[in-house]
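Trainee: Just passing along the structure, written as structure tokens.
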Amino acid sequence: MKTTDKILERLKLHGPQTANELAAELGLTSMGVRQHLLSLEAQGLLGFEDRSEGRGRPARYWCLTEASQNHFGDRHEDLTLRLIESVKVIFGDEGLDKLIGHREQASAAQYAAAMAGCDNLRARLEALATERSREGYMAEVQEDERGLWLLENHCPICAAARECQNFCRSELKLFSELLGPGVSVSREEHILGGARRCAYLIKAD
């Protein structure tokens, strides 16, 4: 993987970072990383924010731009949107709901099979994250004082979800059903709401 690709991936997974942080994570010099950052900025793939962190000069945090999203696989947006519009025209909203329902059932069967044999909530969530990553969501599981988190750092169906938000409602419902009774799932961050990722908080009631 090229260094520029590694930088874009790190920012996608972990959010804004400084050149020094990126250099430490990638095993490069700060000067070398800054050259790559400036190149990516010139291409319109990165922006930055200067943050005051006490004394001294503000720290410069680099972040992805909207244009960078094409780097992560959103290359079939036009076709997806045309297909959704065609379903609406030919079959109406009811037909689109049936399409989403069929997708949900197929996903439920796939994820349930992956979770078979998992004997606790964390294991089920890890299995779900693995399946979602295979589909392009760059998913990972984390835990803090609030509970477990399913973090999806990319949305490969973003264009479809913008056109029809039932896709997002369907996924939230699906996660709740898969993780079983006594488990609550809430979406705390949402890409369509302007966040850099979708973050689901999972708690055992």
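The values are calculated or read from the model by the stated rules, or taken from the named source; none is laboratory data. In this text, all values refer to a predicted model and were calculated from it rather than measured experimentally. Using ideal geometry, Cβ is built from the backbone for each residue, glycine included, and neighbour counts are taken over all protein chains shown. What goes into the accessible areas is simple: the full protein's heavy atoms, side chains included, and nothing from ligands, DNA or RNA. Shrake-Rupley method; radii C 1.70, N 1.55, O 1.52, S 1.80 Å.
Trainee: Exactly one of these conditions fails for residue 66: (1) open to solvent by less than 80 Å² (accessible area, probe 1.4 Å); (2) out of contact with any strand residue (DSSP E or B) (no Cβ under 9 Å at 6 or more places or on another chain). Give me its number.
Mentor: Of (1) open to solvent by less than 80 Å² (accessible area, probe 1.4 Å); (2) out of contact with any strand residue (DSSP E or B) (no Cβ under 9 Å at 6 or more places or on another chain), only one is false for residue 66: (1).
Trainee: Quick one: in segment 98-116, of everything that is of a type in the set (D, E, K, R) and modelled with pLDDT of 80 or more, which residue is surrounded by the most Cβ atoms within 10 Å (Cβ to Cβ)? Reasoning before the result, please.
Mentor: Going through segment 98-116, the residues of a type in the set (D, E, K, R) turn out to be 98, 103-104.
Those left that are additionally modelled with pLDDT of 80 or more: 98, 104.
Values: 98: 13, 104: 17.
So, considering only residues that are of a type in the set (D, E, K, R) and modelled with pLDDT of 80 or more, the one surrounded by the most Cβ atoms within 10 Å (Cβ to Cβ) is 104.
Trainee: When you go through (1) modelled with pLDDT of 95 or more; (2) within 11 Å of the chain's Cα centre (by Cα) one by one for residue 141, which number turns out not to apply?
Mentor: So residue 141 meets the others, but not (2).
Trainee: In segment 120-137, what count of residues is obtained for those that are of a type in the set (Gly, Ala, Ser) and outside any helix (DSSP H, G or I)?
Mentor: Taking segment 120-137 and keeping what is of a type in the set (Gly, Ala, Ser), we get 123, 127, 129, 133, 136.
Narrowing the set further to residues that are outside any helix (DSSP H, G or I) leaves 136.
Going through segment 120-137 one residue at a time, the tally reaches 1.
Trainee: Which of the residues spanning segment 42-90 are among the hydrophobic types (A, V, I, L, M, F, W, C) and at pLDDT 80 or above? Write out each step before concluding.
Mentor: Initially, segment 42-90 is screened for residues among the hydrophobic types (A, V, I, L, M, F, W, C), giving 42, 45-46, 48, 59, 62-64, 67, 72, 79, 81, 83-84, 87, 89-90.
Scanning segment 42-90 gives 42, 45, 46, 48, 59, 62, 63, 64, 67, 89, 90.
Trainee: Of the residues 185, 141, which is under 22 Å from residue 113 (Cβ atoms), assigned to a strand (DSSP E or B) and touching an Asp or Glu at 6+ places or on another chain (Cβ under 7 Å)?
Mentor: Exactly one residue qualifies, and that residue is 141.
Trainee: Of all residues in segment 117-129, which are closer than 19 Å to residue 142 by Cβ, small (Gly, Ala, Ser) and surrounded by fewer than 14 Cβ atoms within 10 Å (Cβ to Cβ)? Let's see the steps before the verdict.
Mentor: Of segment 117-129, the ones closer than 19 Å to residue 142 by Cβ are 118, 120-129.
Those left that are additionally small (Gly, Ala, Ser): 123, 127, 129.
Of everything in segment 117-129, just one residue is closer than 19 Å to residue 142 by Cβ, small (Gly, Ala, Ser) and surrounded by fewer than 14 Cβ atoms within 10 Å (Cβ to Cβ), namely 123.
Trainee: Is it true that residue 86 is of a type in the set (S, T, N, Q), farther than 25 Å from residue 194 by Cα and open to solvent by less than 50 Å² (accessible area, probe 1.4 Å)? Even if it seems obvious, please write down each step before you answer.
Mentor: On the way: of a type in the set (S, T, N, Q): yes; farther than 25 Å from residue 194 by Cα: yes; open to solvent by less than 50 Å² (accessible area, probe 1.4 Å): no.
So residue 86 does not fit the description; no.
Trainee: Is one or more of the residues making up segment 26-47 loosely packed, with under 11 Cβ neighbours inside 10 Å, under 25 Å from the mean Cα position of the chain (by Cα) and not in a helix (DSSP H, G or I)?
Mentor: no
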